[in-house]
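The values are calculated or read from the model by the stated rules, or taken from the named source; none is laboratory data. All values reported here derive from a predicted model rather than from experimental measurement. Cβ coordinates were reconstructed from backbone atoms using ideal geometry, including for glycine residues, and neighbour counts include every protein chain displayed. Only protein heavy atoms, including side chains, enter the accessible area calculation; ligands, DNA and RNA are left aside. Shrake-Rupley method; radii C 1.70, N 1.55, O 1.52, S 1.80 Å.
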Amino acid sequence: MAVPKYRMKLIVAVDANWGIGCKNELLVRIPADQRFFREKTTGNVVVMGRKTLESFPGSKPLKDRVNIVMTKEHRESLNGEIIVHSVEEVLEEIKKYDEESIYIIGGETVYRQFLPYCKEAYITKIEHQYEADAYFPNLDEDAEWKLVEESEEQTYFDITYTFTKYERVK
């Protein structure tokens, strides 16, 4: 099946093993990474799974963004989020928005389902290995992706990390 030409982006923080979460929580909270996430996604469209929405304070959508939540559950929108039930419904819904403004924000299943539709990936790489039960595909081992930007090494207490940007090359 040919992949439609979408220009979505994704944003994620990964540990040394490309782990992204454990028990529906982030592995670590780094204020600069959270600020980077806010700067990139505010004013834009974010696509997430139900569990990602439930991991937010009060299970409420992110402010100042269009929140699209993909879930198998048939439920009503409680706080203004747009509820969809399949990849196809997401792809239909996002046609209403500028394709440059769409960010995939997790979790693991949603990242895997939408990676083929993304052209850019903003990945905060944390140089530590945490206990994780959710992972992001290792783009360093994927010939379709190329690392195009990497920040200077950053530190938060004893945590070392870098901000990186990958672009699809195939």
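Applying the selection to segment 61-91, what residues are modelled with pLDDT of 95 or more and open to solvent by 70 Å² or more (accessible area, probe 1.4 Å)?
Those that are modelled with pLDDT of 95 or more and open to solvent by 70 Å² or more (accessible area, probe 1.4 Å): K63, D64, E88, E89.
In segment 148-157, how many are surrounded by 12 or more Cβ atoms within 10 Å (Cβ to Cβ) and either within 17 Å of the chain's Cα centre (by Cα) or hydroxyl-bearing (S, T, Y) (or both)?
The qualifying residues number 2.
Which of (1) free of Cβ contacts under 8 Å to residues at least 24 places away in the same chain; (2) under 21 Å from I30 (Cα atoms) does D140 not meet, given it meets every other one?
With respect to (1) free of Cβ contacts under 8 Å to residues at least 24 places away in the same chain; (2) under 21 Å from I30 (Cα atoms), D140 is out only on (2).
So P116 clears everything in (1) under 22 Å from M70 (Cβ atoms); (2) open to solvent by 30 Å² or more (accessible area, probe 1.4 Å); (3) touching a Gly at 6+ places or on another chain (Cβ under 8 Å) except one condition, right? Which one?
All conditions are met except number (3).
From the set of residues in segment 1-39 that are farther than 24 Å from K170 by Cβ and among the charged types (D, E, K, R), which is surrounded by the most Cβ atoms within 10 Å (Cβ to Cβ)?
Looking at residues that are farther than 24 Å from K170 by Cβ and among the charged types (D, E, K, R), I get D15.
Contact list please: Cβ distance under 6 Å, first residue in segment 67-85 and in contact (Cβ under 8 Å) with a residue 40 or more places away in the chain, second residue surrounded by 11 or more Cβ atoms within 10 Å (Cβ to Cβ) and not charged (D, E, K, R), pairs at least six apart or on different chains.
M70/G49; M70/V84; M70/V90
Could you say which residue among L53, L27, L10, L62 is touching a Phe, Trp or Tyr at 6+ places or on another chain (Cβ under 8 Å) and closer than 14 Å to T109 by Cα?
Going through L53, L27, L10, L62 in turn, the sole match is L10.
Here are I104, I126: which of them is hydrophobic (A, V, I, L, M, F, W, C) and either surrounded by fewer than 21 Cβ atoms within 10 Å (Cβ to Cβ) or in contact with a Cys (Cβ under 8 Å, 6 or more places away or on another chain) (or both)?
I104
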